[in-house]
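What follows is a short report on a single structure.
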Amino acid sequence: MDRYGDVDADGFLEYAPHSGRGLAQQGWKDSHDSVFCEDGKLAEAPIALCEVQGYAYAARKGAAELARTQGLVEFAEHLSQQAAVLKERFEQAFWVEEMGTYAFALDGNKRQCRVTVSNAGHCLFTRIACAERATRVAEGLMDENLFSGWGVRTLGAREPRYNPMSYHNGSVWPHDNALIALGLAHYGFTTHALRLLESMFDASLHFEFQRLPELFCGFRRRIGDGPTLYPVACSPQSWAAAAVFMLLQASLGMTVCGTTPYVHFRDSYLPPSVDYILVENLRVGTSKVSLIVRRQTHGVGIDVIRREGEVEVAVLK
């Protein structure tokens, strides 16, 4: 990240194509027309995406934690300081007060791409977003501009390039929603996370084998109709399959720590359609636990049915 990712030494990670053969856009939304400004014009490289700064922040925080476990205290402090500086600079450069969310990206001239996108939800997932602004980001993600009723769209319906049948400019991706859901849970918005779990569960009933596909169209949910299929979506697809587990983790407010070790549940919910979930042989450090999560009137109850080793299981308020 330090040597190759930040070519102009401004503290942010950018990308730019170096040949005529590579992808013009190098974030997870890699369609050629996926990164643009509020007037619909494509952003000029080098481009610094908001969620990429979040992943850089999370990488430095995670690496600092690993370094501490190895006794590399000075290196850990260096990484933590880098993360803190990035977080402060990110807030200054990416926040758009009138939109109540983070800019999609900074273009080659360091101008904000003021476009409402799902990417801001990844800033919650990586925890680079400050707590004071997370509420507004969460509200924006669940507003009908982004939330279709089946999930959060990649692009807001009021944006100039919005197309519910496009690959990255208005469709709904399960993995994207799962990351957003866990991000919402990080900041205490587990009821929002539950809403995403419910919408994805409802959508899955309309797909073959109840299998979540790579993506589906972002049309508004209508009574009596299912989600509109994206004709060439991969199904099965690995990160769509993995999305189910992260959506559940988010709704349960579930945190697993292997070093202490513990499994904690905070502000946990299950949808009305799910009475209980059985979790078997969950490895927690050198320990293992099996448990049942049961839906209750207010939250959930936990029954530990088997435990190997010293692992704490607790429901936190």
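None of the figures in this text is laboratory data; all of them are computed from the coordinates on show. None of the values given here were measured: they were computed from a predicted structure. Positions of Cβ are backbone-derived with ideal geometry, glycine not excepted, and every protein chain shown enters the neighbour counts.
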Based on alpha-carbon centroids, what's the gap between region 291-317 and region 76-93 in Å, whole number please?
36 Å
Return the aspartates and glutamates within reach of Lys110: Cα separation strictly under 15 angstrom, same-chain partners fewer than 8 residues apart disregarded; answer none if there are no such residues.
Asp6, Asp8, Asp10, Glu14, Glu38, Glu44, Glu91
Could you check which residue among Phe90, Phe147, Phe209 shows the biggest mean-square fluctuation in a GNM of the chain with a 10 Å Cα cutoff?
Phe209
Which cross-chain or sequence-distant (5 or more) residues have an amide H under 5 Å from the amide H of Val284, H modelled 1.01 Å from N in plane?
Val289
Mind checking the full-extension length gain between Glu139 and Gln92? Use 0.36 nm per residue of separation minus the Cα-Cα distance, one decimal, nm.
14.8 nm
Can you compute the charge dipole magnitude of region 214-317 about its Cα centre, using +1 on each Lys and Arg Cβ and -1 on each Asp and Glu Cβ, nothing else charged? Give it in debye, rounded to the nearest 20.
220 debye
Treating the beta-carbon of each Lys and Arg as +1 and of each Asp and Glu as -1, no other charges, what is the dipole magnitude of region 260-317 about its Cα centre, to the nearest 20 debye?
60 debye
Output needed for region 260-317: three equivalent-ellipsoid semi-axes, defined as square roots of 5 times the C-alpha gyration tensor eigenvalues, in descending order, whole Å.
22, 12, 8
Figure the gain on full extension for Ala9 and Glu44 (residue separation times 0.36 nm, minus the Cα-Cα span) and round it to one decimal in nm.
10.8 nm
What's the exposure ranking of Cys37, Cys257, going from fewest to most Cβ atoms within 10 Å?
Cys257, Cys37
Checked region 161-233 against the a/c 1.5 cut and the a/b vs b/c comparison, axes a ≥ b ≥ c from its Cα gyration tensor; verdict prolate
Of the convex hull drawn through the C-alpha atoms of region 41-155, the volume per residue in Å³ is 114 Å³
What aspartates and glutamates sit close enough to Lys288 to cross-link, taking a C-alpha to C-alpha distance under 20 Å and skipping anything fewer than 8 places away on the same chain?
Glu280, Asp303, Glu308, Glu310, Glu312
Enumerate the amide H contacts of Phe147 below 5 Å, restricted to partners 5 or more residues apart or on another chain; note that Pro and chain-start residues carry no placed amide H.
Arg153
Per-residue HN-Hα couplings for region 174-180, Karplus 6.51 cos²θ - 1.76 cosθ + 1.60 at θ = phi - 60°, whole Hz, x for Gly and Pro?
x, 5, 4, 5, 5, 4, 5
What does the charge count around Arg3 come to, taking other residues whose C-beta lies under 15 Å from its C-beta (Lys +1, Arg +1, Asp -1, Glu -1)?
-4
Over the chain, with a Gaussian network built from C-alpha contacts below 10 Å, which listed residue (Gly226, Gly100, Gly258) shows the highest mean-square fluctuation?
Gly258
Selection from Phe147, Gly40, Leu212, by position along the positive dipole direction of the chain (Cβ):
Leu212
Using a Gaussian network for the chain with springs between C-alpha atoms less than 10 Å apart, which of these wobbles most: Arg153, Arg127, Arg306?
Arg306
J(HN,Hα) series, region 146-158, from Karplus relation 6.51 cos²θ - 1.76 cosθ + 1.60, nearest Hz, glycine and proline x:
9, 7, 8, x, 9, x, 7, 6, 5, 9, x, 5, 9
Order these by the 10 Å Cβ neighbour count, fewest first: Ser34, Ser251, Ser118.
Ser34, Ser118, Ser251
The extension gain from Thr286 to Ala131, computed as 0.36 nm times the residue separation minus the Cα-Cα distance, is 52.4 nm
Can you give the charge dipole size of the chain about its Cα centre, rounded to the nearest 20 debye, using +1 on the beta carbon of Lys and Arg and -1 on the beta carbon of Asp and Glu?
520 debye
